[in-house]
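A.B. asks: Questions regarding the structure given below will be posed in turn.
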Amino acid sequence: MPRQTLIACCSFVGTYAFGGLDLAATLPPGVAAGATAAVAALGGVAAGRLAKSDDADDRWLNDWTQKTRGAAALWALMDCGIVDALPDRDCPGLSSAELIAAARETSERAPAADAADAVARLLRHLALLKFCDESPTWRFRHSARSRAFVSDDLARSRALSNLSPALVRPWWRVSEALQQNEAPFSLEHGEGAWDYLSRNERDASHFDSLMKGLSEKGGAERSLVALGASDAAFAWSELPQRSRVIDVGGGEGHLLAQILKNHPHFVGTCVDRSDVAARASAYLSNVAGAEAVAGSFFEQLPAGDVYVLKWILHDWDDDDALRILQAVRKSMTADARLVVLERVVGDARATDAHMWVCFGGKERSTAAFEGLLGDAGFVTRSITPLDGDALVAIECETRQ
Ligand SMILES: C[S@@+](CC[C@H](N)C(=O)[O-])C[C@H]1O[C@@H](n2cnc3c(N)ncnc32)[C@H](O)[C@@H]1O
């Protein structure tokens, strides 16, 4: 699009963005399509209809502030065992001193015995946000929300990983990162996310649990169980006995385990960084035909019949994503297949900026994936939305 037209579109967008107008109906033909795409790229909504923001006062800002602080308080009180020490809803509630005493029985990271006043104030902040219940005498117990939360492993690992200082502090370096054109995560930690996780076992274990939980029972990701079980996104049933599935960057091996459980006549290899592969070996030790090996997806990978790349490319910029695909392509025989599982932009808007802040990556459109795959020597056979969600399975074969 010529620069002048783009500027014109942007000023239309500026004029109309707050009115919630339907651009396609409002703008001259031809201009509408470009403006709509620009709005979507700038964080607007799909389908040409703009988000309506009709808060006339700044209460929303107060709300964001309290929740931002609440997120840090929640992480801290989980990390030090206080949330787990909360009594059930039918109990009278415990004082913060009693909660600290209980946490000190189970957690090495429990607060100091004389931190009761601070713990009570933090719990009151969480009670304000309806995370737990408080009494007028500053006794605390579970609310329905915190009760459900502590027994839900996925919610726990979401909080412990996504709200951790490791992944949140880089967000507070974004302004500097933009000025210096640096990656926020490296600015904060002095190294990239994968090197950081290799050296920080606690953060790594929360991150890997989150990946595993999302594969097993996350919302959109529930469909991965379907991916392992049915031919919905990939025709597993057409593969011969003893076919080998290579899960590239497969984390602790959860997706591979799912696939082999449903297709016991296959064998499989999970490839990941050495510390993750060690955990994957333990996890896969009870899964027949499964193994985990340490390796890098920038280098030669084991020989296999189907290669799976789930949530790998979105961690990397285009140059590195292309290098990964080229390494996979080189490791493949002519009739091997590749299945890429990713979210697509638009629906993946909530994670797009985070992929840049913490991993230097980005979410992509299906067209962008096809472009990268084509550049790496693949031909796309099918693109299947899983469960009607933002996750797509892109099945490819090598271009001969
Ligand atoms: C976002 S996680 C996805 C994990 C898994 N595929 C899933 O969907 O749950 C990205 C994975 O890539 C792995 N990884 C990062 N750099 C790698 C490399 N150079 N070689 C192999 N794996 C790597 C990480 O350890 C991590 O397990």
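A short reminder: the numbers here are calculations on the coordinates, not readings from a lab. The shown structure was predicted, so the numbers you read here are calculated from the model rather than taken from an experiment. Quick reminder, even Gly has a Cβ in these numbers, built from the backbone with ideal geometry, and neighbours come from all protein chains shown.
A.B. asks: Treating the beta-carbon of each Lys and Arg as +1 and of each Asp and Glu as -1, no other charges, what is the dipole magnitude of the range 114-186 about its Cα centre, to the nearest 20 debye?
C.D. replies: 280 debye
A.B. asks: For the range 227-367, what is the per residue volume of the convex hull drawn over the alpha-carbon atoms, in cubic angstrom?
C.D. replies: Spelled out: Cα convex hull of the range 227-367, divided by residues, is 112 Å³.
A.B. asks: Can I ask one more? I need the calculated FRET efficiency for the pair residue 285 and residue 175, taking r as the beta carbon distance and R₀ as 51 Å, to the nearest 0.05.
C.D. replies: E between residue 285 and residue 175, to the nearest 0.05, is 0.65.
A.B. asks: So if R0 is 60 Å, what FRET efficiency would residue 319 and residue 97 give, r being the distance between their Cβ atoms, rounded to the nearest 0.05?
C.D. replies: The computed FRET efficiency comes out at 0.65.
A.B. asks: Still on this model: Arranged from highest to lowest average of other beta-carbon atoms within 10 Å per residue, in what order do the peptides 251-264, 280-293 appear?
C.D. replies: Going by the mean number of other Cβ atoms within 10 Å, highest first, we get 251-264, 280-293.
A.B. asks: Let me ask something else. Would you mind classifying the range 153-206 by shape? Square roots of the alpha carbon gyration tensor eigenvalues, ordered a ≥ b ≥ c; an a/c under 1.5 is rounded, otherwise it is prolate if a/b is larger than b/c and oblate if not.
C.D. replies: Oblate shape, in that a/c is at least 1.5 and b/c is the bigger or equal ratio.
A.B. asks: What number comes out for the charge environment of residue 125, summing +1 per Lys or Arg and -1 per Asp or Glu over other residues with Cβ under 15 Å away?
C.D. replies: Neighbour charge sum, excluding residue 125 itself: +2.
A.B. asks: Next question, about the same structure. Work out the FRET efficiency for residue 117 and residue 294 from their Cβ-Cβ distance, taking R0 = 35 Å, and round it to the nearest 0.05.
C.D. replies: For R0 = 35 Å, the calculated efficiency reads 0.15.
A.B. asks: Answer with one residue from 322, 348, 366: the one whose Cα lies farthest towards the positive end of the charge dipole of the range 314-400, charges on Cβ with Lys, Arg +1 and Asp, Glu -1.
C.D. replies: The one lying farthest along the dipole's positive direction is 322.
A.B. asks: Let me check I've understood the local charge: for residue 382, count other residues with C-beta under 12 angstrom from its C-beta, Lys and Arg +1, Asp and Glu -1. What total comes out?
C.D. replies: -2
A.B. asks: Something else: Based on the mean of other Cβ atoms within 10 Å per residue, sort peptides 169-182, 96-109 so the most packed one is first.
C.D. replies: Peptide ranking by packing, descending: 96-109, 169-182.
A.B. asks: If I model a spin label at residue 200 and residue 350 as a point 7 Å from the Cα along the Cα→Cβ vector, what separation in nanometres do I get?
C.D. replies: Going from the residue 200 label point to the residue 350 one covers 2.3 nm.
A.B. asks: Then there's this: Want the number for residue 333 to residue 108: 0.36 nm per residue separation, take away the alpha-carbon distance, what's left?
C.D. replies: 75.9 nm
A.B. asks: Give the value in nm², to one decimal: projected area of the alpha carbon convex hull of the range 105-185, averaged over all directions.
C.D. replies: 7.7 nm²
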